[in-house]
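For reference, the structure discussed in these notes is given below.
The values are calculated or read from the model by the stated rules, or taken from the named source; none is laboratory data. Nothing here was measured: the structure is a model prediction, and the numbers come from that model. Cβ placement follows ideal geometry from the backbone for every residue including glycine, while neighbour counts extend to all protein chains displayed. SASA here: full protein model, heavy atoms, side chains in, ligands and nucleic acids out. Shrake-Rupley method; radii C 1.70, N 1.55, O 1.52, S 1.80 Å.
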Amino acid sequence: MEQRLANTWRMSVNDKKFIESSLLSDLRVDGRRPFDYRKLSIKFGREDGSSEVQLGETHVMGFVTGQLVPPYRDRPNEGSLAIYTEFSPMADPSFEAGRPGENAVELGRIIDRGLRESRAIDTESLCILSGKLVWSIRVDLHILDNGGNLVDAANIAALAALLTFRRPECTLSGDDGQEVIVHSAEEREPLPLIVHHLPVAVTFAFFSNDNVVVIDPTHKEEAVMKGRLTATLNTNGDVCAIQKGGGIGVLQSVVLQCLRIASVKAADMTSKIKDAVESYNTVRAFRKVKRHSAPIAVSVDGSVAIKKQSQDGAQKIEL
Amino acid sequence: MEKKAAALPSKFVDQLVVPGDVVLDLTTLANSTIKLGGGLRQECDTITAMKAGVLRFAKPNKYWVESSQKRYVPCAEDHVLGIVVDTKADNFLVDIKGPAIAFLPVLAFEGGTRRNIPKFEVGTLLYVRVVKANTGMNPELSCMDANGKASGFGILKDGYMFESSTGLSRMLLSSPTCPVLEILGKKLSFEIAVGLNGRVWVNGASPSSVILVANAIMNSETLSGAQQRIMVEKLLQRVQ
């Protein structure tokens, strides 16, 4: 039995030829035009700091957690941000469990670069005690289904999770002001992270024929493409990071054209992320209201509640 | 009495079953033979379901469970679409989306002899028939029907192949013709080959019509007949 051979996804020559030839007439196999993005949907979990992003068939889950750790020696008053990726074999049979593959490392690096080097997350506000204690923020990205363009989907998942993450508030006390108190969520409202801007990744695929460029490649297009370029931009039009993969050479004018298109798409996606986060926040606020009112109703047993009601009723009548 | 019991099919027929459901009690149907298909298993005196799906019954005595999944479990006499992975001296290695690679003997072609072995490059798309599918063995394929004729089997040139669930491919093969194919067939001319392993190949005059057909089929999986009609008409309007 040759098990291993059966575990990889294969593409027929027919598909390869068809995708390439139809791209020449600006047609894509899923009916999109070259610069159309797939449908994006962002959902959130019940807990703060978890997100689920669906981009066409691609499905990515993001999860943010925080931990109190001693800071790095060279940056005593800065917190840290780390990205971890998890490529499950369930998403694509070619992903191996355990050891992160080439793709997993590259994806993590692109997102890490976009977020960290553009200083999108304010790390100085994560410091509690200079040189002793800072928050370390960890972003876990789980790929649940690979439908192509994992970078963009994972980047959106990371941003959405970071925007909804809340860390417990900490205060200093004690005689020397060196004692740290971590307040629970009931005691003090947890604080959101300070996010300066949203670096959004937009991926382009290049094909062997000249000047054929498409945005947001699918799984099949990724198998055919000769090169790709991921530009990470924010709404101000600042380019935070660029990653170019594959062997094909790309003209400077094409890169600049890609950047122009990417900035439009980035603005579009930023507003989608912000809308989703806003609606999550309102739902969260409503949940809070219910939670506070609940204990009173529960703690009072039936008879007392009736009595109270009747008293209220009586008072009203008297009034 | 006994005869009556034997003629009476299981009460689960055309109903949803889940793994562990006891579908048939053999003690009630003594002296009759039944044939079991995929998804069913005999445990002592009972037949239980092994996967979730709809239990089907065909006269006189065949039972099987139908479900829709991404993974394909090879079964003899299925017509499937395979991709050539490698060529060996005696066999072509073909990927049919199963748990193991399938073997296509180089002589399993109409009029095949040692002298005229076809040449397939890696990635060639083939329409083949599963001949043997035993557990613990690689499935065996053939490019001939039972009479040794080619009858449509063999290489598929050009066109576009996409993957679907096994349920969708079964829907496309069902008779009477499913609504999507019926309406598309009235408006457009195209060739289609459906494999039970959830691969569908479409070829047409222009790339745009192939893309339209492929997307209409992929969208139709969860739609009812009327919804399929509306969806296809909308798609056709958008293109024209």
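Of all residues in the range A:91-116, those being touching a Leu at 6+ places or on another chain (Cβ under 7 Å) and open to solvent by 50 Å² or more (accessible area, probe 1.4 Å) number 1. Considering A:Val134, A:Val64, the condition of being in a strand (DSSP E or B) and touching a Cys at 6+ places or on another chain (Cβ under 6 Å) is satisfied by A:Val134 alone. Screening B:Leu24 on (1) open to solvent by less than 20 Å² (accessible area, probe 1.4 Å); (2) free of Cβ contacts under 8 Å to residues at least 40 places away in the same chain; (3) within 30 Å of A:Asp92 (Cβ to Cβ) shows it passes everything except condition (3).
Taking the criterion of being of a type in the set (Asp, Glu) and closer than 25 Å to A:Ala91 by Cα, the residues of the range A:32-75 that qualify are A:Asp36, A:Glu47, A:Asp48, A:Glu52, A:Glu57.
Counting only residues that are among the charged types (D, E, K, R) and within 30 Å of A:Glu179 (Cα to Cα), the range A:53-71 holds 0 of them. With the checklist (1) more than 21 Å from A:Arg38 (Cβ to Cβ); (2) under 18 Å from the mean Cα position of the chain (by Cα); (3) among the aliphatic types (A, V, I, L, M) in hand, flag the one item A:Ala231 doesn't pass. The number of the failed condition is (1). Considering only the range B:1-107, give the strands (runs of 3 or more DSSP E) lying wholly within it that have at least 2 residues that are hydroxyl-bearing (Ser, Thr, Tyr). The qualifying strands (runs of 3 or more DSSP E) are B:46-49.
The residue that is nearest to A:Ala160 (Cα to Cα), among those in the range A:7-51 that are among the acidic types (Asp, Glu) and open to solvent by 70 Å² or more (accessible area, probe 1.4 Å), is A:Glu47.
Does the range A:277-289 contain any residue that is part of a strand (DSSP E or B), under 19 Å from the mean Cα position of the chain (by Cα) and closer than 25 Å to A:Gly147 by Cα? The answer is no, given that none of the residues of the range A:277-289 is part of a strand (DSSP E or B), under 19 Å from the mean Cα position of the chain (by Cα) and closer than 25 Å to A:Gly147 by Cα.
If you go through the range B:143-180 and keep only what is hydrophobic (A, V, I, L, M, F, W, C), touching a helix residue (DSSP H, G or I) at 6+ places or on another chain (Cβ under 7 Å) and within 14 Å of another protein chain (Cβ to nearest Cβ), you end up with B:Leu156, B:Met161, B:Phe162. Remark: A:Ser50 matches the filter, which requires a residue to be closer than 23 Å to A:Val182 by Cα, small (Gly, Ala, Ser) and touching a residue at least 12 places away in the same chain (Cβ under 8 Å). Scanning the range A:239-267 for residues that are farther than 18 Å from A:Arg113 by Cβ and among the basic types (Lys, Arg) returns A:Arg260, A:Lys265.
As for the range B:160-183, it holds no residue that is farther than 17 Å from B:Gly82 by Cβ, of a type in the set (Lys, Arg) and without any contact (Cβ under 8 Å) to a residue 60 or more places away in the chain. Can you find even one residue in the range B:130-142 that is open to solvent by 70 Å² or more (accessible area, probe 1.4 Å), assigned to a loop (DSSP other than H, G, I, E, B) and away from chain A (no Cβ under 14 Å)? No, the range B:130-142 has no match at all. Quick check: anything in the range B:78-85 open to solvent by 20 Å² or more (accessible area, probe 1.4 Å), more than 30 Å from B:Gly148 (Cα to Cα) and not polar (S, T, N, Q)? No, because not a single residue in the range B:78-85 is open to solvent by 20 Å² or more (accessible area, probe 1.4 Å), more than 30 Å from B:Gly148 (Cα to Cα) and not polar (S, T, N, Q). Considering each residue of the range B:120-128 in turn, at least one proves to be over 17 Å from B:Cys75 (Cα atoms), touching a helix residue (DSSP H, G or I) at 6+ places or on another chain (Cβ under 8 Å), at the interface with another protein chain (Cβ under 10 Å from one of its Cβ atoms) and not in a loop (DSSP other than H, G, I, E, B). Looking at the range B:72-94, can you tell me whether even one residue there is away from every other protein chain (no Cβ under 14 Å), over 21 Å from the mean Cα position of the chain (by Cα), farther than 21 Å from B:Met171 by Cβ and without any contact (Cβ under 8 Å) to a residue 40 or more places away in the chain? Yes, there is a match, as at least one residue in the range B:72-94 is away from every other protein chain (no Cβ under 14 Å), over 21 Å from the mean Cα position of the chain (by Cα), farther than 21 Å from B:Met171 by Cβ and without any contact (Cβ under 8 Å) to a residue 40 or more places away in the chain.
A quick yes/no check of all residues on (1) under 24 Å from A:Asp238 (Cα atoms); (2) modelled with pLDDT under 90; (3) out of contact with any Lys or Arg (no Cβ under 7 Å at 6 or more places or on another chain):
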| position | (1), (2), (3) |
| --- | --- |
| A:Arg113 | yes, no, yes |
| A:Ser118 | yes, yes, yes |
| A:Arg138 | no, no, yes |
| A:Asn155 | yes, no, yes |
| A:Ile181 | no, yes, yes |
| A:Ala185 | no, yes, yes |
| A:His196 | yes, no, no |
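Of everything in the range B:185-224, what is away from every other protein chain (no Cβ under 14 Å) and open to solvent by 30 Å² or more (accessible area, probe 1.4 Å)? Give them in sequence order. Result: B:Gly185, B:Lys186, B:Lys187, B:Leu188, B:Ser189, B:Leu196, B:Thr222, B:Leu223, B:Ser224. In the range B:96-107, the residues that are under 14 Å from B:Arg129 (Cβ atoms) and more than 10 Å from chain A (Cβ to nearest Cβ) form Cβ pairs under 8 Å with partners that are assigned to a loop (DSSP other than H, G, I, E, B) and of a type in the set (A, V, I, L, M, F, W, C), at six or more places apart or across chains, as follows: B:Leu104/B:Cys143.
Looking across the range B:153-162 at every residue that is touching a Phe, Trp or Tyr at 6+ places or on another chain (Cβ under 9 Å) and open to solvent by 60 Å² or more (accessible area, probe 1.4 Å), the one that is farthest from B:Val210 (Cα to Cα) is identified as B:Ile155. If only residues of the range A:6-40 that are at the interface with another protein chain (Cβ under 8 Å from one of its Cβ atoms), in a loop (DSSP other than H, G, I, E, B) and of a type in the set (Lys, Arg) are counted, the one that is nearest to the chain's Cα centre (by Cα) is A:Arg28.
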